[in-house]
Amino acid sequence: MSRTPFPADTPAKRVALFGMLLALTVALSWLERLLPTDAVVPGAKLGLANLVVLCGLYLFPLPWAVGLTALKVALTGLLFGNFYSLAYSAAGGALSFLAMYLCKRWGRSMGFVSVMGGVFHNVGQLAVAWAILGSMGVLAHLPAMLLAGVGAGAAVGAVGALILRRLWRSFD
Amino acid sequence: MENRRFMTPREGVCLVLLAAGLALWLFWPGRTGGQAVLTRSGEELGRYALNAPQRVPVQGANGFSLTLVVEGGAAHVEDSTCPDLICQRHAPISRTGEAIICLPGQVTVTIEGGDRLEQDALSG
């Protein structure tokens, strides 16, 4: 194994990969709007664009991965959302990223990292809902949202692992 | 070097147990027959017994409005003017602790104080 920790190891490669992944978040967010996941659990989303956040975490040094996540939240929020969805995405995205980063540092595998990302994304969103609404009723959604987070995180993690393996192979 | 496996067996078992626990929590038999408690921005607007069918117009925050409908021992939301309509698509709620939330209008409907044990928990 002669891998460098981060495959895109020159500034040009890194900027190019960063730009492609950022563009992909917009495409995936748009695609996700066409999926009727809302019918299963109201307000639940698959979080397809989190695929890119997961990949970013493994392909870039920390500051770049943070930047990718922040730009993803800002771009998709401005393009597809409103003020409310932006607030929830920001809280969910930040908490999700933190959870994924810590799990990765802890040495957990990609699937586990992704599931924790999905779970904590929803924890962050519920926390904002609780803060805005000031109602304990928000907590009634906790089990359904956490379960949805586990499912979505596992699905995103499975696809993410496939993509990352191919990317690593092509860079090695 | 980070862990590049998809998942170890031990992590898989932990996550399945987590999911099973959450599913148990979600489908645990609840109590029905309580009242729907309506709040806006954390302030209680009213309480409506689930056994008395009625329609309650609600003026939410930020200029959004909706109608709380109580019928058949359950509560749901109709005629919402909010952008995402998640509250309106939410299935009717009847179990104690269940809630429908309209985020843009900052309106919540929570079921409280039920005293009848639910007959068919899994269909709930």
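Pick out, from A:Ser89, A:Ala154, A:Asn122, the residue whose Cα sits farthest towards the positive end of the charge dipole of chain A, with +1 on the Cβ of Lys and Arg and -1 on the Cβ of Asp and Glu.
Of A:Ser89, A:Ala154, A:Asn122, it is A:Ala154.
Expressed as an acute angle from 0 to 90° and rounded to the nearest 10, what is the orientation of the C-alpha long axis of helix A:50-59 relative to the principal long axis of chain A?
Rounded to the nearest ten degrees, it is 30.
Treating the angle as unsigned and between 0 and 90°, give the value, to the nearest 10°, between the Cα long axis of helix A:110-133 and the longest Cα principal axis of chain A.
Here the helix axis deviates by roughly 40 degrees.
Which peptide among B:16-22, A:10-16 comes first, and what is the full order, when sorted by highest mean count of other Cβ atoms within 10 Å?
Descending mean neighbour count gives B:16-22, A:10-16.
Below 8 Å, C-alpha to C-alpha, sequence gap of six or more: please give me the relative contact order for chain A in percent.
24 percent
Report, in debye and to the nearest 20, how large the dipole of segment A:1-102 comes out about its Cα centre when Lys and Arg carry +1 and Asp and Glu carry -1 on their Cβ.
So the dipole magnitude of segment A:1-102 works out to roughly 180 debye.
Sort B:42-55, A:129-142, A:86-99 for me by packing, meaning the mean count of neighbouring Cβ atoms within 10 Å per residue, highest on top.
Result, highest mean Cβ count within 10 Å first: A:86-99, A:129-142, B:42-55.
Could you list, by residue number, the cysteines of the protein assembly as shown that have no other cysteine's beta carbon within less than 4.7 Å of their beta carbon?
Lacking a cysteine Cβ partner under 4.7 Å: A:Cys55, A:Cys103, B:Cys14, B:Cys82.
Shape verdict for chain B, please, from the Cα gyration tensor: rounded (a/c under 1.5), prolate (a/b greater than b/c) or oblate.
Judged from the Cα gyration tensor, chain B comes out oblate (a/c at least 1.5, b/c at or above a/b).
Using the Cα centre of the protein assembly as shown as the reference point, and only Cβ charges (+1 on K/R, -1 on D/E), how large is the resulting charge dipole? Debye, rounded to the nearest 20.
1320 debye
Please give the charge dipole size of segment A:11-171, origin at the Cα centre, charges +1 on K and R Cβ atoms and -1 on D and E Cβ atoms. Round to the nearest 20 debye.
Once rounded to the nearest 20, the dipole reads 640 debye.
Any chance you could give the angle, 0 to 90 degrees and rounded to 10, that helix B:9-27 forms with the longest Cα principal axis of chain B?
Result, in degrees: 20.
Laboratory data are not the source of any read-out in this text; all were calculated from the coordinates shown. All of these numbers come straight from a predicted model, not from anything done at the bench. For neighbour counting, all protein chains shown are included, and Cβ atoms are generated from backbone atoms with ideal geometry for every residue, glycine included.
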